[in-house]
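Each remark here refers to the structure printed beneath this line.
The values are calculated or read from the model by the stated rules, or taken from the named source; none is laboratory data. These figures come from a predicted structure and were not determined experimentally. With ideal geometry, Cβ positions are generated from the backbone for all residues, glycine too; neighbour counts draw on all protein chains shown. To get the accessible areas, we keep the full protein, side chains included, count just its heavy atoms, and leave off ligands, DNA and RNA. Shrake-Rupley method; radii C 1.70, N 1.55, O 1.52, S 1.80 Å.
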Amino acid sequence: MMKDTELKALVTLLEDDDTEVVSHVENQIMSFGTSVIPFLEHEWEISFNPTIQRRIEDLIHQLQFELVQERLIKWKEENQEDLLEGLWLVATYQYPDLEYEDVMGELEQVYVDTWRELKEDLSPFDQVKIINSVLFDKFKFRANTKNFHSPANSMIQAVLESKKGNPISLCAIYLLIARKLDMPVHGVNLPNLFILTYQGESIKFYINVFNKGLIFSRDDIDNYIDHLQLTPQDIYYEPCTHLDIVLRFLRNLVVSFEKVGDYHKSDEVKIILQQLDDNYSDY
């Protein structure tokens, strides 16, 4: 690793008018990898040169973008069972300073209140009714129909704070709470609508979290698939993986950024998808 004094000298060169010089300096700084981010942040704070500050901002963003990719690839390979970590990592694309502990703390508040309401030996339907009551009546979680395509709907901490989200982000919070309560609840990848399924030993049903936890059956899914004129597939009925959930969050983000005209960010999220999903194609 280069000494701080040498890095400082490189940063100073960022104000050069020669684009070739600047490009060479940026490549050198980038070559040190994500570990140089704290140094660059400090240099940005103490600099009074707007050109240097702007170029440092661009470098930090590029490095943070690399860091998100590195962490998500590591999560995919080593820690998929922690869904919250995967969703936190997705959110760090937009909020690089977001701490995992802060997101976990927000979720813990909802979990504790739900846990307090649950009684022993409740039926699965009654357990779901309790979660519905806490989430939708007490905490006022709801569908963000007014700003359905807002990127914030795919940022777990933004949904926890605003209590508004899209189908999959509301499902993710519901799922995290249910699994923490040892309930056999899983995500299901329906077209155009993410839902949950309760899969006990002797009972199985589905939960539409976007519609305040409405309970429905396999027949209802059959009708939904038929209405969309699609051929039924196992994926529409059976549990999906945590990786599937994270990938769907990212695909939603691509659409959200395109809807608001931020094509640079949508292109970056597509790059993340390509890193995580072998079957992803930019259609």
Original post:
Does GLU66 fit the bill of being charged (D, E, K, R), surrounded by 14 or more Cβ atoms within 10 Å (Cβ to Cβ), within 23 Å of PHE257 (Cβ to Cβ) and in contact with a Phe, Trp or Tyr (Cβ under 8 Å, 6 or more places away or on another chain)?
Top reply: no
Subject >> When residues of the range 124-151 are limited to those that are of a type in the set (A, V, I, L, M) and at pLDDT 95 or above, the one surrounded by the fewest Cβ atoms within 10 Å (Cβ to Cβ) >> reply: ILE130
**OP:** Look at the range 182-207 and say how many of its residues are farther than 23 Å from TRP115 by Cβ and without any contact (Cβ under 8 Å) to a residue 24 or more places away in the chain.
**Re:** 3
**OP:** May I ask you to list pairs of residues, at least six apart or on different chains, whose Cβ atoms are under 8 Å apart, with the first in the range 161-181 being in a helix (DSSP H, G or I) and the second being open to solvent by 10 Å² or more (accessible area, probe 1.4 Å) and of a type in the set (D, E, K, R)?
**Re:** GLU161/GLU106; ILE168/ARG248
Original post:
What about CYS171, is it within 18 Å of the chain's Cα centre (by Cα) and either of a type in the set (Asp, Glu) or closer than 14 Å to ILE131 by Cα (or both)?
Top reply: yes
**OP:** Scan the range 11-29 for residues that are in contact with a Leu (Cβ under 7 Å, 6 or more places away or on another chain) and either under 10 Å from LEU63 (Cβ atoms) or β-branched (Val, Ile, Thr) (or both) and report the count.
**Re:** 4
Subject >> Condition check for TRP44: modelled with pLDDT of 90 or more, surrounded by 14 or more Cβ atoms within 10 Å (Cβ to Cβ) and either among the hydrophobic types (A, V, I, L, M, F, W, C) or part of a helix (DSSP H, G or I) (or both) >> reply: no
**OP:** Collect the residues in the range 207-232 that are open to solvent by 20 Å² or more (accessible area, probe 1.4 Å) and within 26 Å of the chain's Cα centre (by Cα), keeping them in residue-number order.
**Re:** ASN208, PHE210, ASN211, LYS212, LEU214, ILE215
**OP:** Could you run through the range 203-226 and say how many residues are in a strand (DSSP E or B) and touching a Pro at 6+ places or on another chain (Cβ under 6 Å)?
**Re:** 0
Original post:
Looking at the range 77-123, which of its residues are of a type in the set (S, T, N, Q), open to solvent by 40 Å² or more (accessible area, probe 1.4 Å) and part of a helix (DSSP H, G or I)?
Top reply: GLN94, GLN109
Original post:
Name the residues in the range 50-63 that are surrounded by fewer than 18 Cβ atoms within 10 Å (Cβ to Cβ) and either of a type in the set (D, E, K, R) or assigned to a loop (DSSP other than H, G, I, E, B) (or both), would you?
Top reply: ARG54, GLU57, ASP58
Subject >> Failed condition for LEU14, given (1) of a type outside the set (Lys, Arg); (2) more than 29 Å from the chain's Cα centre (by Cα); (3) open to solvent by 40 Å² or more (accessible area, probe 1.4 Å) >> reply: (3)
